[in-house]
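Following: one structure in structure tokens, then a few remarks.
The values are calculated or read from the model by the stated rules, or taken from the named source; none is laboratory data. Bear in mind the structure is a predicted one, so any value in this text is a computation, not a measurement. Don't worry about glycine lacking a Cβ; one is built from the backbone with ideal geometry, like all the others, and counts go over all protein chains shown. The area values use the complete protein model at the heavy-atom level, side chains included, leaving out ligands, DNA and RNA. Shrake-Rupley method; radii C 1.70, N 1.55, O 1.52, S 1.80 Å.
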Amino acid sequence: MSLPTVEIETSAKPTHSVIWLHGLGADGNDFAPIVPELVSPAWPALRFVFPHAPVRPVTVNGGMPMRAWYDIVGVDLVSRQDETGMRASIASVESLIARENERGVPTNRILLAGFSQGGAIALAGGMRHADALAGIIALSTYLPLQPSFATERSAANGATPIFWGHGTGDPIVPLTRGVSSRDLLQSLGYSVSWHTYPMPHSVCAEEVADLRAWMTARLAG
């Protein structure tokens, strides 16, 4: 089933797409305001796709129903991972990529982005995807499903560039969790553009500027 989305086109007939997954308890509107701050006039026409995650009970928040890409059982994020929920969200991302393909945007012109939980799905899904993406943007996040990653990763995305931004004071996804995920990816040969910022679990202006520069290189082709 396709997810509902918020969509913003920077001009008519987009040739590139950015699929951007929100964090726990937010929705597709959460990062829509970043578009005018982020977009460079030099870029080609872009379609930003901000999907809404399904509503589900979240154990770590007392079982309260909220938009979430998967359930979180423990605050350490890695014990008893909700593999079923994660794989369902990865399948939803596959559907979103396929829809962009149907609308005329090839996979090598799609950037997959996500914040926190959304970033975890962007990483896990993007690097398992059968066709090469233009890049993956991982903000304040970590790589889930690590035990199966080495065998399930796609050779097509082995050289896909990754932008990773993380706050040094993040109380939700600790910096150490991001660092260990980065180290694993680099040990497998991935190119990770790693950036840290003096911030909590959030996004800052310096990060947006760094991301703009990184995206400019990815959107040149």
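From the phi angles alone, apply the Karplus equation (6.51, -1.76, 1.60; θ = phi - 60°) to segment 180-188 and give each ³J(HN,Hα) in whole Hz, x where the residue is Gly or Pro.
Listing the rounded values in order: 5, 5, 4, 4, 4, 5, 5, 5, 9 Hz.
Using only the alpha-carbon atoms of segment 1-152, report the extent along each of the three principal axes, biggest first, to the nearest angstrom.
44, 34, 27
Determine the gain in length on full extension of the stretch T59-A12; use 0.36 nm per residue of separation and subtract their C-alpha separation, reporting nm with one decimal.
Working: separation 47, 0.36 × 47 = 16.92 nm, distance 4.26 nm.
Working it through step by step, the gained length comes to 12.7 nm.
Roughly how many Å² is the accessible area per residue of segment 1-119, as a whole number, for a 1.4 Å probe?
That works out to 43 Å² for each residue.
Between segment 91-134 and segment 1-69, how far is it from one alpha carbon centroid to the other, in angstrom?
12 Å
Pop out the carbon and sulfur fraction of the accessible area of the chain as a percent, whole number, probe 1.4 Å. The partial results should precede the final answer.
On the way: 5050 of 9000 Å².
Carbon and sulfur together cover 56 percent of it.
Does segment 133-221 come out rounded, prolate or oblate, given a ≥ b ≥ c as the square roots of the eigenvalues of its C-alpha gyration tensor, rounded meaning a/c under 1.5 and, failing that, prolate meaning a/b above b/c? Please report the intermediate quantities before stating the final value.
On the way: a/c = 2.54, a/b = 1.14, b/c = 2.22.
Cα axes put segment 133-221 in the oblate bin.
Charges only on Cβ, +1 for Lys and Arg, -1 for Asp and Glu: so what's the dipole of the chain about the Cα centre, in debye to the nearest 20?
Details: 15 positive and 19 negative charges, 70 e Å.
Charge dipole of the chain: 340 debye, to the nearest 20.
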